[in-house]
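The block underneath contains the structure these notes are about, expressed in structure tokens.
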Amino acid sequence: MPDDLRVRILGDFGPFSHMGKNIGYLLQLGASSFILDCGAPLFQQIGGHGLKEVEGVIITHAHDDHKRWLGDLAIFGKYAPDVQKKVRLITTESVYPELRRAVAPALTTTLSFDAKTVVEVPFEEFIEFCQIGPRAKYLIATDENGDYLHPFKVVDRTGAALPPDRAKVVVHPKTKRARLLFKDPVYGEWIEPETFYPFSSKVFYEDDQNVYTCRDGSTIEAMNAPVWHGIVSTGVRATRREDVLAFSADTVHDTVLWKQLCSEKKEQKLSMSPEAFAAATMILGDINDYVERIWSEERYRDALKAFDGAAVIHDVSGKNSVVHTDYDKLADTSLKMASTLLVHGPDRFTSQWALCNAEKIYKVVGDTFREVVGDRFYPLNADIYHKENGKYVVGYRCAAGGRPVYEKGGLLRFHSYDGSDLGKPLFNVELYEDVCGSYLPFLEEPQAHYWQRPDGKIELLRFGAKGSRGEFVADRRERLAGKR
């Protein structure tokens with residue numbers, strides 16, 4: 001087993017992709033392996049025997065393309081005859097209840113072994129919750145099942161209720177979701193603590209960051225400062241010796257926006273008199289009408305430095321995604337192109353930043369990625385990366401010839417799909433198709449394709465009216481590895 005930090009891309013496509021492989025990674029920290037988000041078809045890709053060796057499942061948030069197979073993993077762990085182990089679910093205190101609510105109905109009610117009786121099975125027989133990230137000092141009171149107590153109240157960890165001048169519960173009239181409104185003692189403003197404070201905050205969080213430590217000392221920790229997705233989410237930072245991998249999860253990474261979130265003070269829109277608001281412990285309304293500031297300055301500072309010294313896997317989108325980082329806004333991030341691998345992009349996407357692809361394996365070296373191909377480790381040094389219909393293409397700049405790359409509206413293309421204007425030409429590239437990690441000349445012929453033989457050699461197959469013919473082709477990647 002490799003004695004380093006590696007990540008295998010199980011799936012990196014969004015929920016509406018026709019490629020069928022949503023977000024999922026196999027994280028290898030020396031002898032310890034973890035599933036990081038489980039939207040990809042794990043049983044097909046890793047298999048039951050491989051899944052038995054996984055130490056835990058890390059989930060960043062409850063969107064289905066990130067947690068799709070959690071229930072199946074739990075059922076597999078409990079009922080497969082040669083497994084019999086709970087899923088160790090590694091996530092934060094706030095993400096866990098969202099996941100529990102999502103998967104519990106499929107787990108906790110079943111039939112007896114003689115199929116004659118409906119039986120209830122405790123959720124804890126399927127899932128072992130392992131918390132990363134600190135505990136909140138204050139929370140909305142719940143019972144042992146995580147359901148809110150009525151009447152609503154905000155309590156500290158001893159169960160003592162906070163007075164209405166320090167905290168309130170706001171329940172949305174349509175969704176019925178309860179959210180915590182808190183009076184920050186430094187700003188003297190009403191805020192929502194889950195979005196306002198970073199995990200480093202001493203005001204709202206306990207000191208213990210609950211870092212997960214592997215047998216060899218490798219660590220996994222939660223980070224919330226740079227994660228901005230709407231739904232409760234967490235980022236993850238994995239460290240093995242000097243090698244660090246950070247996964248930002250779905251997020252809007254925009255330092256201009258972040259600065260606005262922490263610097264702009266909002267006016268409250270009270271639906272009652274100031275006296276009634278001051279006395280209320282529970283309000284039926286939209287919490288946005290009562291929050292006076294979205295982020296703290298502390299969260300903004302933590303977000304800016306969250307990815308320092310790390311190789312980063314970051315979700316990206318094309319245009320106007322709202323809840324992801326748009327490609328043309330990458331310049332407004334704190335990310336470094338040389339240390340970043342983009343995921344979650346559309347089925348057809350061209351980028352100057354490195355794009356990952358399903359089933360590739362990357363080794364983390366310090367704060368950079370190397371692609372693992374056999375016993376070789378290649379730098380990600382192409383000038384453009386392109387994905388389309390399951391194909392992965394790279395391009396290297398050339399002084400003459402090649403194919404021009406165009407920019408229009410902040411997005412890149414190197415050919416038109418509908419005859420429309422491509423935009424402004426930027427530079428020319430020689431294109432290469434990636435076939436199992438080998439770089440081969442890009443094929444323009446519709447009746448030709450590459451095929452890797454069982455012995456590892458790659459053939460170029462051409463089909464015609466009289467049948468097909470093949471020829472061996474040489475890998476160009478070794479030469480291209482020294483281009484930059």
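Listing for the model above:
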item: Lysine pairs in region 384-480 with Cα atoms under 22 Å, if 8 or more residues apart or on separate chains; result: 4
item: Filter on K183/K269; K137/K265; K259/K336; K67/K259; K329/K360; K21/K305 - keep pairs with C-alpha separation over 22 Å; result: K137/K265; K67/K259; K329/K360; K21/K305
item: Eligible lysines near K116 by straight Cα distance, threshold 27 Å, same-chain separation 8 or greater; result: K78, K85, K86
item: Computed helical MRE - 222 nm, the chain, DSSP H runs ≥ 4 contributing -39500 (n - 2.57), nearest 500; result: -3500 deg cm²/dmol
item: Average Cα contact separation per residue, the chain, under 8 Å, 6 or more apart, as relative contact order %; result: 11 percent
item: Two-site label geometry, R301 and S200: point separation in nm, points 7 Å out along Cα→Cβ; result: 0.7 nm
item: Pairwise centroid distance, computed over Cα atoms, of region 351-397 with region 175-211, Å; result: 39 Å
item: Region 137-282 shape via C-alpha gyration tensor axes, a/c threshold 1.5; result: prolate
item: From the coordinates shown, P(r) over Cα pairs in 20 Å bins from 0, in percent corresponds to which of [x] 19, 44, 26, 9, 2, 0; [y] 21, 50, 25, 4, 0; [z] 24, 55, 20, 1; result: [y]
item: Modelled FRET efficiency - R0 30 Å, A400 with E445, Cβ distances, 0.05 increments; result: 0.85
item: For region 384-480, diffusion coefficient by Stokes-Einstein and Kirkwood Rh (Cα), 37 °C, 0.692 mPa s, µm²/s; result: 219 µm²/s
item: Integer Hz, Karplus 6.51/-1.76/1.60 couplings in order for region 285-300, x for Gly and Pro; result: x, 9, 4, 5, 6, 10, 6, 9, 8, 7, 10, 8, 4, 4, 5, 4
item: Stretch gain in nm, segment Q452-S334, where the contour uses 0.36 nm per residue and the Cα spacing is subtracted; result: 38.5 nm
item: Cα gyration tensor, region 97-145 - rounded (a/c under 1.5), prolate or oblate; result: prolate
item: Longest exposed-site-free window of the chain, the sites being chymotrypsin sites (Phe, Trp or Tyr not before Pro) in a DSSP loop that have at most 13 other C-beta atoms within 10 Å; result: 114-416
item: Whether region 1-149 is rounded, prolate or oblate, judged on the alpha carbon gyration tensor where a/c under 1.5 counts as rounded; result: oblate
item: Relative contact order of region 23-171, pairs being alpha-carbon contacts under 8 Å that are 6 or more residues apart, as %; result: 16 percent
item: Per DSSP, loop GluC sites (Glu not before Pro) in region 87-176 with at most 15 further Cβ within 10 Å; result: E144
item: Karplus 3J(HN,Hα) series, Hz, for region 420-428 with 6.51 cos²θ - 1.76 cosθ + 1.60 (x for Gly, Pro); result: 7, 4, 7, x, 8, x, 9, 6, 9
item: Percent of Cα pairs exceeding the 18 Å cut-off, where the set is region 313-355; result: 14 percent
item: All aspartates and glutamates inside 19 Å of K483 as judged from Cα atoms, apart from same-chain residues fewer than 8 positions distant; result: E371, D383, E430, E433, D434, D475
item: Sites matching trypsin sites (Lys or Arg not before Pro) across region 285-332 that sit in DSSP coil, with at most 15 neighbouring C-beta atoms within 10 Å; result: K319
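All of the numbers you see were taken from the coordinates with simple rules; none came from a lab. Just so it is clear, the model here is predicted, and its values are computed rather than measured. Note that we place each Cβ from the backbone using ideal geometry, even for glycine, and neighbour counts take in every protein chain shown.
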